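**Student:** Below is one structure. I have some questions about it.
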Number of protein chains: 2
Amino acid sequence: MRNDTKGKEAKAGSKREALVRATIQLVNNSGFHATPMSKIAKLAEVSPGTIYLYFENKQDLINQVYIEVKTAFSAFAFKDYDASLPVAEGFRKIWYNIAAFKLQEVEEAMFLSQCDNTPMMDEPSRQEGLKHLRPLLDLWERGQAEQLIRQVSPFMLYAFSIYPIAFLMNVQQRGLYTITQEHIDHAYTMAWNSIKL
Amino acid sequence: MRNDTKGKEAKAGSKREALVRATIQLVNNSGFHATPMSKIAKLAEVSPGTIYLYFENKQDLINQVYIEVKTAFSAFAFKDYDASLPVAEGFRKIWYNIAAFKLQEVEEAMFLSQCDNTPMMDEPSRQEGLKHLRPLLDLWERGQAEQLIRQVSPFMLYAFSIYPIAFLMNVQQRGLYTITQEHIDHAYTMAWNSIKL
DNA sequence: TACAACAGAATGAACGTTCATTCAGTTCGT
DNA sequence: ACGAACTGAATGAACGTTCATTCTGTTGTA
């Protein structure tokens, strides 16, 4: 009768899922305030009114999508990571994970990048999203204690080792540049050189 | 109609100038699509209709402001720079200039950062703004020829040495972090370490 | 008087959100 | 087993508001 392609889980969440996907896609192409709810509804093949069954309003929609994507990002970033790894190896693992996320899950990564660089997100949600980075901060602290990593603020470490990946993803997405595995390896070296002692 | 070669520019241009300033300030706080023309007019102490004497429409307003700010940025970035300088010294000069711009002219820098990270700017204007970086690209090329700088794409060099500054400016602006001269010197070392051979 | 700069009200399109209604599926009395 | 009663997800037209842009009249100046 209905979509039997998946189990019962597909039924309850299907509309909401479609809305989340549509939101990510449209916000990427036009930005938050330039994408009307009507367009999101249309792309999700759902009536405008249905959005309000799952989300309080437009801001709540964005906030929920942001948290969801950020959570997926963190899961990806710390996959196979183990806090008992030596600092250099742990960082390498996390860095490559993040790079893989940004280059494979482009839609989600672009969405995060836009949320993090514009006033469309409210501060509480932004703070919420920041929490997920804890393991990386801990790793850095340990690296500093062991004299392997520069004694500078985590903001600085992030700015020079992680943030650049977002830029590369952006230019690649605009078609100005194509990133190969070799580029990624170079990028990793540059990232590590900037933060290592 | 504008650009009168007479000396009355201060008066003739005063409304336009006020509009440009107001646009920068409001777009920084709320983003492009969330700032109505009426608010821009109010902050500039001008009537909404008057905007259309100086700008074709909202998009044209943003484009013009973008180009103007980008031009100011470039002038700042290459102040006292001389292409005959040794590579390392030339890069240091430009890097410190850019850092100074981002930390002194916060409003303008934030505006650029937002334009460069969202779909609010159309591609032609973006290309136009990119041209101004030529001298830096030339410097990097020379550095690569002299085996001083890694053999990677300028995008990569930019991502790791310049782009991070924008991140630091952003967190400082959000009040999460305060940047001192010492931080800047550390940041410069990190930037240089990431791109040098 | 003539003309450009300007103000502010007016306009119409587009938006976020609501709500009366429909519809598919489940429950329950028989 | 069967259909009437019920449930809540889903719809989409409609509403009030906001916005970019235009229109009309006023002011200042030569």
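The values are calculated or read from the model by the stated rules, or taken from the named source; none is laboratory data. These numbers come from a predicted model, not from an experiment. All Cβ positions, glycine included, derive from the backbone under ideal geometry; neighbour counts span all protein chains shown. Each accessible area value is taken on the protein alone, full model and side chains, heavy atoms only, with ligands, DNA and RNA left out. Shrake-Rupley method; radii C 1.70, N 1.55, O 1.52, S 1.80 Å.
**Student:** I'd like the residue in the stretch A:61-100 that is open to solvent by less than 20 Å² (accessible area, probe 1.4 Å) and among the aromatic types (F, W, Y) and, out of all such residues, is nearest to A:L26 (Cα to Cα).
**Tutor:** It comes out as A:Y66.
**Student:** Would you confirm, using the coordinates I've provided, whether B:K70 is at pLDDT 95 or above, among the charged types (D, E, K, R) and closer than 22 Å to B:A187 by Cβ?
**Tutor:** Here the answer is no, as B:K70 does not meet what is asked.
**Student:** Shifting gears a bit: Residue check: is A:Y177 outside any helix (DSSP H, G or I) and either within 7 Å of chain B (Cβ to nearest Cβ) or open to solvent by 10 Å² or more (accessible area, probe 1.4 Å) (or both)?
**Tutor:** Considered against the rule, which asks whether it is outside any helix (DSSP H, G or I) and either within 7 Å of chain B (Cβ to nearest Cβ) or open to solvent by 10 Å² or more (accessible area, probe 1.4 Å) (or both), A:Y177 comes out as yes.
**Student:** For A:I165, state whether it is touching a strand residue (DSSP E or B) at 6+ places or on another chain (Cβ under 9 Å) and crowded, with 21+ Cβ neighbours inside 10 Å.
**Tutor:** It is false that A:I165 is touching a strand residue (DSSP E or B) at 6+ places or on another chain (Cβ under 9 Å) and crowded, with 21+ Cβ neighbours inside 10 Å.
**Student:** Continuing with the same structure: What is the one condition in (1) in contact with a helix residue (DSSP H, G or I) (Cβ under 8 Å, 6 or more places away or on another chain); (2) more than 14 Å from chain B (Cβ to nearest Cβ); (3) away from DNA strand D (no atom under 13 Å from the Cβ); (4) modelled with pLDDT under 95 that A:R16 does not satisfy?
**Tutor:** Just one mismatch for A:R16, condition (3).
**Student:** Of everything in the stretch A:95-123, what is more than 16 Å from A:A166 (Cα to Cα) and without any contact (Cβ under 8 Å) to a residue 60 or more places away in the chain? Give them in sequence order.
**Tutor:** Correct list: A:P119, A:M121, A:E123.
**Student:** Separate question: Could you list, in sequence order, all residues of the stretch B:180-197 that are within 22 Å of the chain's Cα centre (by Cα), more than 9 Å from chain A (Cβ to nearest Cβ) and of a type outside the set (F, W, Y)?
**Tutor:** B:T180, B:Q181, B:I184, B:D185
**Student:** In addition: Of the residues B:N57, B:N29, which is free of Cβ contacts under 8 Å to residues at least 40 places away in the same chain, exposed (fewer than 14 other Cβ atoms within 10 Å of the Cβ) and within 14 Å of chain A (Cβ to nearest Cβ)?
**Tutor:** Of B:N57, B:N29, the one residue that is free of Cβ contacts under 8 Å to residues at least 40 places away in the same chain, exposed (fewer than 14 other Cβ atoms within 10 Å of the Cβ) and within 14 Å of chain A (Cβ to nearest Cβ) is B:N29.
**Student:** Another question about this same structure. Evaluate the stretch B:21-40: report whether one residue or more is over 27 Å from B:R174 (Cα atoms) and out of contact with any Pro (no Cβ under 6 Å at 6 or more places or on another chain).
**Tutor:** No, because not a single residue in the stretch B:21-40 is over 27 Å from B:R174 (Cα atoms) and out of contact with any Pro (no Cβ under 6 Å at 6 or more places or on another chain).
**Student:** Another question, then. Limited to the stretch B:32-54, what total is found for residues that are more than 24 Å from A:F32 (Cα to Cα) and surrounded by 20 or more Cβ atoms within 10 Å (Cβ to Cβ)?
**Tutor:** 2
**Student:** Please name all residue pairs, on different chains or six or more residues apart, with Cβ atoms under 7 Å, provided the first residue is in the stretch B:140-154 and is touching a residue at least 24 places away in the same chain (Cβ under 8 Å) and the second residue is of a type in the set (D, E, K, R) and open to solvent by 30 Å² or more (accessible area, probe 1.4 Å).
**Tutor:** If the second residue must be of a type in the set (D, E, K, R) and open to solvent by 30 Å² or more (accessible area, probe 1.4 Å), the pairs left are B:L148/B:K196; B:I149/B:K196.
**Student:** Turning to a different aspect of this structure: Which residues, counting only those in the stretch B:107-155, are open to solvent by less than 70 Å² (accessible area, probe 1.4 Å), of a type in the set (A, V, I, L, M, F, W, C) and under 15 Å from the mean Cα position of the chain (by Cα)?
**Tutor:** Passing the criteria: B:A109, B:M110, B:F111, B:L112, B:C115, B:M121, B:L133, B:L136.
**Student:** Which one of the conditions (1) in contact (Cβ under 8 Å) with a residue 24 or more places away in the chain; (2) within 14 Å of DNA strand D (Cβ to nearest atom); (3) under 21 Å from the mean Cα position of the chain (by Cα) does B:T35 fail to meet, given that it meets all the rest?
**Tutor:** (1)
**Student:** Take the conditions assigned to a loop (DSSP other than H, G, I, E, B) and either closer than 15 Å to B:K70 by Cβ or more than 13 Å from every other protein chain (Cβ to nearest Cβ) (or both) and apply them to B:Q151. Does it pass?
**Tutor:** So B:Q151 does not fit the description; no.
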